[in-house]
1. Add +1 for every Lys or Arg and -1 for every Asp or Glu among the other residues with Cβ under 14 Å from the Cβ of Lys248, and state the total.
2. Could you put Trp246, Trp228 in order of accessible surface area, largest first, with the 1.4 Å probe and the full protein assembly present?
3. Report ³J(HN,Hα) in whole Hz for each residue of region 100-111, in order, from the Karplus equation J = 6.51 cos²θ - 1.76 cosθ + 1.60 where θ = phi - 60°; Gly and Pro get x.
4. Name the residues whose placed amide hydrogens come within less than 5 Å of the amide hydrogen of Val257, ignoring near sequence neighbours (fewer than 5 apart) on the same chain.
5. Per residue, what accessible area does region 222-269 have, given a 1.4 Å probe and all protein chains present, in Å²?
6. In terms of Cα to Cα distance under 12 Å, which aspartates and glutamates are near enough to Lys286, apart from those fewer than 8 places away along the same chain?
7. Can you sort Asp206, Asp222, Asp249 by solvent-accessible area, 1.4 Å probe, largest first?
8. For Glu202 and Lys148, what does the FRET efficiency come to when R0 = 25 Å and r is the distance between their Cβ atoms, rounded to the nearest 0.05?
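The values are calculated or read from the model by the stated rules, or taken from the named source; none is laboratory data. Quantities reported herein were computed from a predicted structural model and do not represent experimental measurements. Don't worry about glycine lacking a Cβ; one is built from the backbone with ideal geometry, like all the others, and counts go over all protein chains shown. The area values use the complete protein model at the heavy-atom level, side chains included, leaving out ligands, DNA and RNA. Shrake-Rupley method; radii C 1.70, N 1.55, O 1.52, S 1.80 Å.
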Amino acid sequence: MSYVITGARFGGHTSFTAGAPMTDLDLSRVAPSIFAIEPHASRSERFTYIPTYEVLRRLREEGFVPVRAIQGKSRTEGKADYTKHMVRFRHPDYENRKAIGASPEVVLLNAHDGTSSYRIMSGVFRSICTNSMVVMEDGATDIRVPHKGDIVGQVIEGSFTVIEEAKLTLDKAEAWQGVTLNGDERQIMAEAAHVLRFGDPEGNTDTAIKPAQLLAPRRRDDQGSNLWLTHNVLQENVIRGGLHAWGKDANNRPRRVTTREVKNIDGDLKLNRALWLLSQRMAELKKAA
């Protein structure tokens, strides 16, 4: 099978997306901390070191396939090869849901420098736009495995738990296709997403980008007003960046503004989960009405 590999190195992380399972070579190119052979020197003897590549090997034996990886960077000298990394997995027993063009995923987060335990979360991959989402449902499973005890066994068990949960999440996503939003409801979602992406801690925004721009679809298949399409358009515009507007510089001269892609692992997770919760609450309000 031939497939296209796209990879890039950024100031905040490295990332990689492939149209087929990733090999160890693919993973090592963009997330070398997966293959760290020892923990960072700052870890104490109580830190049980189970390298991510050992967990990866066991997950592959259980049928999980790595399809995307991302790694953070560190400004601390000597930590670059131990930083936080995230790997997304799919499983052949949990097929693509054709009605919405999406597949359930397992999102695995870890670090060897003490900045993260093993963490397993539910994810959704939408093939039409290669968007990877992270789910936040009421009571959703967000499994955290500390660096002690039977780490591998707990991660494997947790992975099957969250992919089952992700499968149920796709049922909800299919239902969102039948939830039609009016213009005011779509604008409310766009304004909330706008604050999530551009707001300061007090919720104030200072950007030339307008909320309405977050509702602009990037492809014909995303034109529509149902909740599933609205969520996907908002998510892609918020995470991918690339939106343009004219603002003013410090000297009050016209300046073209372009939004950047969200490349930080924690920022990606935070925005994805908040947007999912926003759409979930809108679905609940529509149902109650």
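1. My count for the surroundings of Lys248 gives +1.
2. The most accessible residue leads, giving Trp246, Trp228.
3. In residue order, the calculated couplings are 10, x, 9, 10, x, 9, 10, 10, 10, 10, 7, 8 Hz.
4. Residues meeting the amide H criterion: Ala245, Trp246, Gly247.
5. Per residue, region 222-269 has an accessible area of 49 Å².
6. Glu185
7. Correct descending sequence by accessible area is Asp206, Asp249, Asp222.
8. 0.05
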